[in-house]
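Have a look at the structure below, then the notes.
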Amino acid sequence: MRRPLLALLLLAALLAGGLAPSPARAAKQWDQAGLWDFVDRRQAQIEPRWQAGRSTYLPVGNDDDVRLDANMLAVHAAAARSRHKGASRHDDRVVALADVLTRAPAFLTPPESRNGGQAHIPGWSSSTSSPGAQHVAIDPQVASALASAWEVRKAVGMPDDVADRIVERIRSVADSGFYRYPAMLLNQFNWQGDMAMAAYKVSGDPQYLEQYRLQLMRFVQGTRAPLTEGRTAFLNGGLGLIYSPRAAGSLGPALLSSSEYENLIYSGLRHYDLAVAAGMAPLSPDDEARLKLWGQRTLYGDWTHAGTLNWDTSLGTRRWHLTRYWAFALQGVETLATNTRLTGSAPEAAWATWIAQRALETYDIYAGRQRTGLLETGLWGVVGRDASAEADPIFTAARFASHAARLAQLGFGSRKDVLPPGWFAWDPDAGRLAVSTKRYSTGLLLRHPTDDIGGIEMSRLFGAAGDPVSGTGGSARSAFGLDLTVRGRVVLDSEPGRNLRQAGTQQLRVTLGGGLPLRGTFTEGLRAYGTSKGSAGTIRVDQRFDQDGVDVLRSVKSIEDADATVRLPAWGSAARVSAVMADGTTVRLASKPIPAKGVRGLLVDARRGGYRVGLCRLPADARLRLASVAPLSTSTSTRRVAQVLFPVPAGASRRIDVRLAPTIARPLAEKLCG
């Protein structure tokens with residue numbers, strides 16, 4: 001039996017920090033039995049929502065049950081197909097849910113009529129109790145679950161009329177103008193592709209293979225060049241997905257990718273191997289190569305080694321850190337792990353398997369911290385307008401159960417999973433760098449299109465277990481960075497967020513071993529060079545990433561006499577920072593500045609874990625203090641920031657070098673520099 005490295009790292013770090021491991025942090029076995037155990041535990045949490053009289057699962061706080069029902073139908077069908085014997089095996093519910101989901105009001109047929117941008121007849125609505133809302137994402141989820149139920153129809157004793165109704169309903173929607181080629185919403189070919197392949201699975205009709213191929217061909221074409229005059233292509237210069245193609249010539253924040261939707265759209269490729277095996281003509285070698293590169297960008301640019309999203313999104317806090325979108329995005333990792341023709345290499349498939357399984361472990365850890373044992377609607381206190389505080393905990397649990405059931409059905413418990421090396425992805429035209437290693441994850445973003453995040457420094461720093469140690473995405477005094485103050489006013493800042501007046505002209509360049517790759521793996525040698533230049537002076541930042549941490553070398557030059565402040569944020573309202581003296585003793589940092597001379601480093605003790613700061617090169621007159629800052633909506637628990645203060649005489653250049661090394665447990669005074 002394998003003991004996942006993340007769990008072992010957690011255990012070792014906790015013991016080293018003098019902390020006993022909680023049950024949620026115990027090592028797990030991700031063989032087939034371990035996967036089904038995860039599913040069964042989610043089933044036990046969701047079970048009270050089963051309404052036998054309605055033959056549906058009832059969400060909390062609303063009647064929009066169709067997507068919850070679809071996820072649980074997929075779970076029960078997978079359990080039947082795998083001959084699983086456990087809490088999630090409910091053959092009777094496979095039949096009952098299939099029956100309800102193929103009748104009105106869940107399924108709408110003429111003469112029913114609907115109005116609105118995504119209204120369509122025939123099609124599924126969001127509720128089994130009354131005609132609910134319609135959305136392009138609902139039908140494929142229901143159709144995929146129904147196709148899985150149809151495939152186990154004999155095993156569960158499904159009546160012929162229900163089985164026949166499944167076929168008729170899926171085909172009618174796949175044949176409708178809303179889903180049949182050339183229909184496509186924005187660049188989201190996955191919904192139409194999923195519908196076509198669900199129809200193929202229940203009918204065997206090769207016309208649906210052709211429909212699927214047409215969707216793929218158009219999408220690949222749109223990744224290379226705009227399909228609509230005056231708009232951008234579907235991918236930016238680093239191959240990050242642009243959620244909604246922008247005006248031609250757009251640069252910077254307009255081209256920021258959306259990690260959650262990139263993975264949803266990428267998951268439309270999960271049918272490719274089946275389609276080719278069934279007789280669909282493969283795409284051209286150039287098109288397959290293009291999709292392999294996009295898959296690599298999706299893995300390296302969107303995922304951390306903890307199984308969480310390395311999350312930036314053009315949709316901002318509307319979707320950012322919503323747990324149900326983390327669960328939904330895992331379909332992309334499944335696709336990366338199972339594709340044979342479109343996965344870049346066997347190691348990448350094994351790495352994706354690691355991520356897919358680590359997500360389950362991380363879910364257990366996060367959910368285990370909650371009184372209910374269920375994840376809240378948003379992680380880290382970030383809650384946008386798409387959040388549903390009542391419904392999301394159960395719905396997210398159902399999505400994770402469905403994810404784990406698919407992994408079990410696909411045999412992931414017997415697959416080889418390999419701890420990935422460090423990786424990165426750089427989208428130069430969007431100004432975004434994502435980095436993840438076994439010890440930490442981080443991101444740099446020159447400017448966000450909607451939120452107060454941006455600059456030439458790390459916008460966040462997370463530890464190996466997926467917890468923030470600095471913050472989730474701050475700016476100015478709540479973020480990593482250096483600001484220059486003249487006569488009490490900030491005139492230049494390396495991480496100013498929306499305050500473009502303090503940004504000056506900012507540039508960011510990424511190299512690896514002297515080359516200029518857009519993505520790849522690394523152990524050391526990855527560097528991000530940033531410059532903020534304004535009328536008041538210049539700030540230069542050289543960030544050097546390796547497996548264990550980041551060396552940050554800063555220099556600042558001012559036109560006038562000025563004061564510089566280097567910022568080291570801490571996550572958690574009770575965060576503490578201690579100074580490590582030359583003799584190894586520690587002194588708690590407070591609001592009153594102390595001389596930095598004789599201080600080797602800082603220990604930033606965050607809510608969970610933290611990071612070591614090696615003060616490797618400082619101005620001789622530097623001072624240290626701990627400041628309180630007001631929390632931001634993008635980093636709600638960053639309230640304490642360690643500061644390094646020093647003067648910058650007019651015309652002079654000052655330099656400060658620090659080493660940042662995240663830890664899972666409380667940071668210790670070791671390996672501060674070098």
- Query: Sequence-distant or interchain residues sharing an amide H contact under 5 Å with ALA622, placed H: which?
  - Reply: ALA596
- Give the carbon-plus-sulfur fraction of the accessible surface of region 153-204 in %, rounded to a whole number; probe 1.4 Å, heavy atoms of protein chains only. 48 percent
- Query: Given H placed on each backbone N at 1.01 Å, which residues far from VAL491 in sequence or on other chains put an amide H within less than 5 Å of it?
  - Reply: LEU484, THR485, VAL486
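Express the C-alpha Rg of region 444-602 as a ratio against the empirical globular expectation 2.2 N^0.38 Å, rounded to two decimals.
Against the empirical 2.2 N^0.38 Å value, I get 1.09 for region 444-602.
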- Residue-span extension gain [SER244 to SER573] - 0.36 nm each, minus C-alpha spacing: 114.7 nm
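Can you give the FRET efficiency for ASN499 and ALA278, using 1/(1 + (r/R0)^6), R0 = 51 Å, r = Cβ-Cβ distance, to the nearest 0.05?
Details: r = 56 Å, r/R0 = 1.09.
Plugging the Cβ-Cβ distance into 1/(1 + (r/R0)^6) gives 0.35.
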- Might you tell me the accessible area per residue for the chain, computed with a 1.4 Å probe and given in Å²? 35 Å²
- Note on the structure: Calc'd 3J(HN,Hα), region 282-288, phi into Karplus 6.51 cos²θ - 1.76 cosθ + 1.60 (θ = phi - 60°), Hz, glycine/Pro = x, comes to x, 5, 5, x, 5, 5, 4
- Here, ALA119 and ALA52, labelled 7 Å along Cα→Cβ, have an inter-label distance in nm of 3.9 nm
- Message: So for the chain, if I pair up every lysine 8 or more residues apart or on another chain, how many of those pairs have alpha-carbons under 27 Å apart?
- Response: 17
- For region 149-200, the dipole about the Cα centre with charges only on Cβ (Lys and Arg +1, Asp and Glu -1), to the nearest 20 debye, works out at 80 debye
- Task: Quick one: pull the percent of accessible area on region 364-473 belonging to carbon and sulfur, 1.4 Å probe, ligands and nucleic acids left out.
- Result: 47 percent
- Place the peptides 271-277, 609-615, 199-205 in order of packing, highest mean first, counting for every residue the other Cβ atoms within 10 Å and averaging per peptide. 609-615, 199-205, 271-277
- Note on the structure: Computed on Cα atoms, the radius of gyration and Dmax of region 366-512 in angstrom are 19.3, 65
- Consider all pairwise Cα distances in the chain and report the whole-number % of them above 35 Å. 43 percent
- List the extent of the Cα atoms of region 507-580 along each of their three principal axes, largest first, rounded to whole Å. 40, 38, 21
- Item | Debye log10 I(q)/I(0) at q = 0.22 Å⁻¹ for region 553-668, Cα point scatterers | -1.23
- Message: If I stretch the segment between ARG607 and SER535 completely, what's the gain in nm (0.36 nm per residue apart, minus their alpha carbon distance), one decimal?
- Response: 22.0 nm
- Would you mind checking which residues have amide H under 5 Å from GLY471's amide H? H placed 1.01 Å from N; only 5 or more apart, or other chain. LEU461
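The values are calculated or read from the model by the stated rules, or taken from the named source; none is laboratory data. Since we're looking at a predicted model, the values are computed, not measured. Every residue, glycine among them, receives a Cβ derived from its backbone with ideal geometry; neighbour counts consider all protein chains shown. With ligands, DNA and RNA removed, areas are computed over all heavy atoms of the protein, side chains included. Shrake-Rupley method; radii C 1.70, N 1.55, O 1.52, S 1.80 Å.
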